[in-house]
There are 2 protein chains.
Amino acid sequence: MPDMQERPSEQYNRELLLQSLQNEDLDVFREEFLDLHPYDQASFFKELEEEARSVIYQFLSPEEMAGLFENLEVDEEEYKDVLAEMNPSYAADMLSNMYADDAVDVLNELDKDQAASYLTIMDSDAAQEIKDLLHYEEYTAGSIMTTEFISISANQTVRSAMYILKNEAPRAETIYYVYVVDEDKKLAGVISLRDLIVNDDDTMIAEITNDRVVSVSVGEDQEDVARKIKDYNFLALPVVDFQNHLLGIITVDDVMDVMEEEASDDYSKLAAVSDMDTLDRSPFAAARKRLPWLIILLFLGMMTASLIGRFEETLSKVSILAVFIPLIAGMAGNTGTQALAVAVRGIATGDLERENKSKLIFREAGTGVITGTICGILVSLAVWLWHGDIYLGLLVGISIFSTLIVATLAGALVPLIMHRMKIDPAVASGPFITTINDIISILIYFGMATLFMSYLI
Amino acid sequence: MPDMQERPSEQYNRELLLQSLQNEDLDVFREEFLDLHPYDQASFFKELEEEARSVIYQFLSPEEMAGLFENLEVDEEEYKDVLAEMNPSYAADMLSNMYADDAVDVLNELDKDQAASYLTIMDSDAAQEIKDLLHYEEYTAGSIMTTEFISISANQTVRSAMYILKNEAPRAETIYYVYVVDEDKKLAGVISLRDLIVNDDDTMIAEITNDRVVSVSVGEDQEDVARKIKDYNFLALPVVDFQNHLLGIITVDDVMDVMEEEASDDYSKLAAVSDMDTLDRSPFAAARKRLPWLIILLFLGMMTASLIGRFEETLSKVSILAVFIPLIAGMAGNTGTQALAVAVRGIATGDLERENKSKLIFREAGTGVITGTICGILVSLAVWLWHGDIYLGLLVGISIFSTLIVATLAGALVPLIMHRMKIDPAVASGPFITTINDIISILIYFGMATLFMSYLI
């Protein structure tokens, strides 16, 4: 976690920067630009045309470019384009100078061959560090950790630990936690810079080390890592292998990115958009992301249609029945989605782990009975008043009542079952539950209609 | 931000703790319990019955209880219950010992009278600090900031600054940023502990202070604060009034809570659950949260039904038409929700701010044409094959085609317009867009059906 509050600026002088680039005025540009926070540097850089960017590659050293690149959030194509514009050895130097976890993120966006060729011409230590990290599976602790942490042995004083810390500070992602390891490099404890500072210089590290250190295993899901850092208010968490060797750390800033990613992900799944579109894609790219869902939903919709088709005879006798199909199916979808959303968020926030599952199901059943009763009565009255037909009102009301109970329960059960089966409950649950509930509601409605038939004609 | 990595433990000895409480064994309990991370203390505490909790109030000092309480995340009712169990002066002492921002969060859950009575018997300095914070409106920077920061003047050496820092460390929320203020208490710069440590003891603070400090104004939306901390990878941000007086700081851990809250909020709004249920509520509480939406949706559904009712004559002639109503309305809802989700997330992540709005609209129109064409052709073929009626296939296909274009556009436009009108685009957009799209799709479908009528009978 770079310590970046030292050179920030919000309203940077864009005009001055642009002009100095145009005039190829190295000194003016560097003086203004290097004073900016890397995030602002990246924001400025993103908006430039290729020509202006190529001037920047001449004006900044690979080391200076590394800070900017760590803060560049663009999509796959743009990473490829920007790297292709650079001289390969310049790009490799820049990648060596980035924090390893950020360099890994960039290389992951490239084709395998491309990434491999950069690794060959890179500084070999940095390349090795990156290769080690590239092995970890996506979405695991290993994939978001960095290896630039500070570790010390317990058998020294605060003074000597502070000396190590001062020396390693320029390269470490965070200096606010120092990890204590034993002679086998196994994690033995943690000590915060706060502790180092408030304790006397002659205090032994062993005396002030906390040996009940919370760590995560390298294969742990990144969402669980985020949850731990959030719950415990940590600034960083150590990552260990199965033998408790310290492999890396995950800092709070990386975890914030994970949280945003996962939130976008859950949100987009509820809306049936696989892999949330960024806004700068073309219509073709956007359509490609949405069409798979739409086609699945289309065929599920055809199933529902064919189900209704079986009741065509009923419909031709009592055509008024058709009027209420979307209402009943819609209400089933709505309650189902509500119950689903509560359960999915409960799983995502970890609340559900601590909760009795059967308690949840009883609660949802109760909720379904209450909402079903109230909506059923309201709709009965409305239909009765509107059509002057009490039987039609009763039919629609009873259908809504039964539908709401079943749909609410289904909405809660589907994510629970998916979670039990180790499937991410956010996947497909939205459209899936809506289709299930469409089918259930239509069966209930036409089942009721058959019972009421003699009163309706 | 308390520096909590020093005393964490995951698998604490619950049995031992429970037993020592039951036997009222003070020493065993305190030795084990005070060694736990406050988050674990709070998790243990939450699961206790009232009787066991009352033993804890005797075993722990108000200071010790404060750390636990800062990590207690329960709902309104439970805060009230737990506080009511404590001796009022014990509770007041505990509140005085909490970080001011956390104490404010607790007092905000109480009734005004109750909160006021605690403030009267509290330590008067702490009470004043809390009263100042209570004034700020919910969801603003002021409402989540804390006043426990470290500020120094520029006119001193690193050595003397470190001395101040060591003294204030036990009480400050973070010691990793130190804020430099001028004689009027106006924010003049920031310096990180990293800078203090790597620089020589005799360096003047003025030399190493960064005077381009990023701050937020006290009335700024908490979501914008979270975005800034996330983008710049800060551990804390200073909060200033309109004259740039330093009022407080917001730390990254508070911002993570804001991010989670806002993500849950957007998610629940897409699913039409106002104010996400926590899982431990009763069916009545859950129904109360969901019913308002369901009743609105019910009446919107009745409107759609009455619209279909106008075509009852058409339906009675060609009852097969009814079969495809849910399919077409459903597809309109699906595409609309997809487009909406992309736009809402774009607004939430700030991507849309930097984007040309008309570019988005053109892109969505293009996406609608592509998805509409493909789904339209597919459904035409499917219906033709199924019913052997090419005109019916064409009718449904053209309806899907037109519906998808209009629905996609509507899905993107509604949140944009809401955002322009300064309404949170996540509010009600989900069900709202679905109803609009239901109506549009039914008008298109029956409009087409009227045109095709002579071929269908």
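A few notes on this one:
- Condition check for residue B:369: more than 7 Å from chain A (Cβ to nearest Cβ), in contact with a Pro (Cβ under 8 Å, 6 or more places away or on another chain) and either at pLDDT 85 or above or in a loop (DSSP other than H, G, I, E, B) (or both): yes
- For segment B:295-329, a residue qualifies if it is part of a helix (DSSP H, G or I), closer than 27 Å to residue B:382 by Cβ, hydrophobic (A, V, I, L, M, F, W, C) and at the interface with another protein chain (Cβ under 7 Å from one of its Cβ atoms), and the qualifying residues are B:305, B:308, B:315, B:320, B:322, B:323, B:325, B:327, B:329.
- Some residue of segment A:403-422 being among the hydroxyl-bearing types (Ser, Thr, Tyr) and either surrounded by fewer than 24 Cβ atoms within 10 Å (Cβ to Cβ) or touching a strand residue (DSSP E or B) at 6+ places or on another chain (Cβ under 6 Å) (or both): no
Here is a yes/no grid of residues against (1) of a type outside the set (Asp, Glu); (2) closer than 21 Å to residue A:136 by Cβ:
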site	(1), (2)
A:49	no, no
A:54	yes, no
A:57	yes, no
A:63	no, no
A:72	yes, no
A:76	no, yes
A:93	no, no
A:106	yes, yes
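- Scan of segment A:185-208 for residues that are touching a residue at least 40 places away in the same chain (Cβ under 8 Å) and either of a type in the set (Phe, Trp, Tyr) or within 19 Å of residue B:175 (Cα to Cα) (or both), ordered by number: A:190, A:199, A:200, A:201, A:208
- Selected residue (only one of A:138, A:148 is surrounded by fewer than 16 Cβ atoms within 10 Å (Cβ to Cβ) and part of a loop (DSSP other than H, G, I, E, B)): A:138
- Summed over segment B:345-369, the residues that are buried (at least 21 other Cβ atoms within 10 Å of the Cβ) and farther than 30 Å from residue B:230 by Cα give a count of 2.
- Single condition residue A:99 does not satisfy, out of (1) without any contact (Cβ under 8 Å) to a residue 60 or more places away in the chain; (2) within 14 Å of chain B (Cβ to nearest Cβ); (3) more than 16 Å from residue A:16 (Cα to Cα); (4) crowded, with 16+ Cβ neighbours inside 10 Å: (1)
- In the condition set (1) in contact with an Asp or Glu (Cβ under 9 Å, 6 or more places away or on another chain); (2) within 28 Å of residue A:191 (Cβ to Cβ); (3) not assigned by the TED database to the domain that holds residue A:168, residue A:153 is compliant with all but (3).
- Only one entry of A:345, A:363 meets the criterion of being among the charged types (D, E, K, R), closer than 17 Å to residue A:424 by Cβ and assigned by the TED database to the domain that holds residue A:436, and that entry is A:345.
- Of all residues in segment B:5-16 being surrounded by fewer than 21 Cβ atoms within 10 Å (Cβ to Cβ) and touching a helix residue (DSSP H, G or I) at 6+ places or on another chain (Cβ under 7 Å), the one that is modelled with the lowest pLDDT: B:6
- Selection over segment A:35-57 of residues that are farther than 17 Å from residue B:214 by Cβ and out of contact with any Lys or Arg (no Cβ under 8 Å at 6 or more places or on another chain) gives a count of 12.
- Qualifying positions in segment A:228-254 - in contact (Cβ under 8 Å) with a residue 60 or more places away in the chain and among the β-branched types (Val, Ile, Thr): A:239, A:249, A:250, A:251, A:252
- Number of the condition not met by residue A:335 [criteria: (1) under 25 Å from the mean Cα position of the chain (by Cα); (2) crowded, with 23+ Cβ neighbours inside 10 Å]: (1)
- For residue B:81, the test of being within 26 Å of residue B:237 (Cβ to Cβ), of a type in the set (Asp, Glu), outside any loop (DSSP other than H, G, I, E, B) and assigned by the TED database to the domain that holds residue B:20 is failed.
- Single match in B:226, B:172 (criterion: modelled with pLDDT under 95 and either assigned by the TED database to the domain that holds residue B:349 or under 24 Å from the mean Cα position of the chain (by Cα) (or both)): B:226
The values are calculated or read from the model by the stated rules, or taken from the named source; none is laboratory data. In this text the structure is predicted, and so the values were computed from the model without any measurement. Using ideal geometry, Cβ is built from the backbone for each residue, glycine included, and neighbour counts are taken over all protein chains shown.
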